[in-house]
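Asker: What follows is a structure written as structure tokens; I'll ask about it next.
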Amino acid sequence: MVGELLALRAQGHGGAAHALLCEAAGWPAERLPGLADELVRAGLAADWGTLLWEAASLPPERLAAAAAALGEAGREADSDRLLRQGVSRPTAEIADAALALGAAGRPREADALLDAFVRVRTAEEAADLARRDPRRLTPRLLRAAAALSPNHHRDLAHALRVAGVATA
């Protein structure tokens, strides 16, 4: 794949190169860390960034699997980048991805996703996300908001109360 990508880039076929990256984003998650290494070694680090961007739009379970695979391989920065890029999706999908990461034994990645979510979305959206599984999501969201600022924590706690989500 890397050889083909190099050839496409050399021939000026950017569209075909992008299509190949989109295809690779959908590969089994366990292949992504090795692919990252190969792309960087070949001088295609920018293409790795593009692949992460495309992978951020994978369905929640596959996004979670990709983030977990990267984290397990010691590529935490790539995992976090992938998760940050995925926070624009609907709150239900973020909740599903966070829960899938937790179920896969990847609490660091689940927290990174929720932290990114709290940073860029409203307190009301975070409360909506918490409704998917209040017992597992509410404490994590509150920790992420508290780490951001006292105001974020207060706003989220208020939004949770208004939404009828228990905070204790």
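The values are calculated or read from the model by the stated rules, or taken from the named source; none is laboratory data. Small disclaimer: the values here were computed from a predicted structure and weren't measured. As a convention, Cβ positions derive from the backbone with ideal geometry for all residues, glycine included, and neighbour counts pool all protein chains shown. Note: accessible area is taken over every heavy atom of the protein model, side chains too, but ligands, DNA and RNA are not part of it. Shrake-Rupley method; radii C 1.70, N 1.55, O 1.52, S 1.80 Å.
Asker: So for the range 26-37 (the condition being farther than 25 Å from ALA103 by Cα and of a type in the set (Phe, Trp, Tyr)), does at least one residue qualify?
Answerer: Looking for residues that are farther than 25 Å from ALA103 by Cα and of a type in the set (Phe, Trp, Tyr), one finds none in the range 26-37, hence no.
Asker: Quick one: SER88 ticks every box in (1) within 30 Å of ARG9 (Cβ to Cβ); (2) touching a helix residue (DSSP H, G or I) at 6+ places or on another chain (Cβ under 6 Å); (3) open to solvent by 10 Å² or more (accessible area, probe 1.4 Å); (4) of a type outside the set (A, V, I, L, M) except a single one, so which number is it?
Answerer: Single failed check for SER88: (2).
Asker: From GLY34, GLY14, GLY49, grab the single residue that is open to solvent by less than 40 Å² (accessible area, probe 1.4 Å) and over 20 Å from the mean Cα position of the chain (by Cα).
Answerer: The conditions single out GLY14.
Asker: Go through the range 123-136 and give me each residue that's closer than 18 Å to SER88 by Cα and either polar (S, T, N, Q) or outside any loop (DSSP other than H, G, I, E, B) (or both).
Answerer: Matches in the range 123-136: ALA123, GLU124, GLU125, ALA126, ALA127, ASP128, LEU129, ALA130.
Asker: Return the total of residues in the range 126-135 being open to solvent by 30 Å² or more (accessible area, probe 1.4 Å) and closer than 19 Å to LEU63 by Cα.
Answerer: Final tally of qualifying residues: 1.
Asker: Sticking with this structure for a sec: I'd like to check something: does the range 69-87 contain any residue that is small (Gly, Ala, Ser), assigned to a helix (DSSP H, G or I), within 13 Å of the chain's Cα centre (by Cα) and closer than 27 Å to ALA163 by Cα?
Answerer: no
Asker: From the list ALA56, ALA97, pick out the single residue that is under 12 Å from the mean Cα position of the chain (by Cα) and surrounded by 22 or more Cβ atoms within 10 Å (Cβ to Cβ).
Answerer: Going through ALA56, ALA97 in turn, the sole match is ALA97.
Asker: Another question about this same structure. Among the residues of the range 66-91 satisfying the criterion of being among the small types (Gly, Ala, Ser) and more than 20 Å from PRO28 (Cβ to Cβ), which is modelled with the lowest pLDDT?
Answerer: Applying the filter and picking the extreme gives SER88.
Asker: Here is a further query. Could you list, in sequence order, all residues of the range 140-162 that are loosely packed, with under 14 Cβ neighbours inside 10 Å and either in contact (Cβ under 8 Å) with a residue 12 or more places away in the chain or assigned to a helix (DSSP H, G or I) (or both)?
Answerer: ALA147, PRO150, ASN151, ARG154, ARG161, VAL162
Asker: Could you say which residue among ARG62, ARG9 is open to solvent by 60 Å² or more (accessible area, probe 1.4 Å), closer than 30 Å to PRO107 by Cβ and basic (Lys, Arg)?
Answerer: Result: ARG62 is the single residue among ARG62, ARG9 that is open to solvent by 60 Å² or more (accessible area, probe 1.4 Å), closer than 30 Å to PRO107 by Cβ and basic (Lys, Arg).
Asker: Just name the residue that is farthest from LEU142 (Cα to Cα) out of those in the range 100-125 that are of a type in the set (D, E, K, R) and open to solvent by 30 Å² or more (accessible area, probe 1.4 Å).
Answerer: At the first step, the residues of the range 100-125 found to be of a type in the set (D, E, K, R) are 106, 108-109, 111, 115, 119, 121, 124-125.
Adding the requirement that they be open to solvent by 30 Å² or more (accessible area, probe 1.4 Å) leaves 106, 108, 111, 115, 119, 121, 124-125.
Details: ARG106: 19, ARG108: 15, ASP111: 11, ASP115: 9, ARG119: 12, ARG121: 14, GLU124: 13, GLU125: 13 Å.
Within the range 100-125, the match that is farthest from LEU142 (Cα to Cα) is ARG106.
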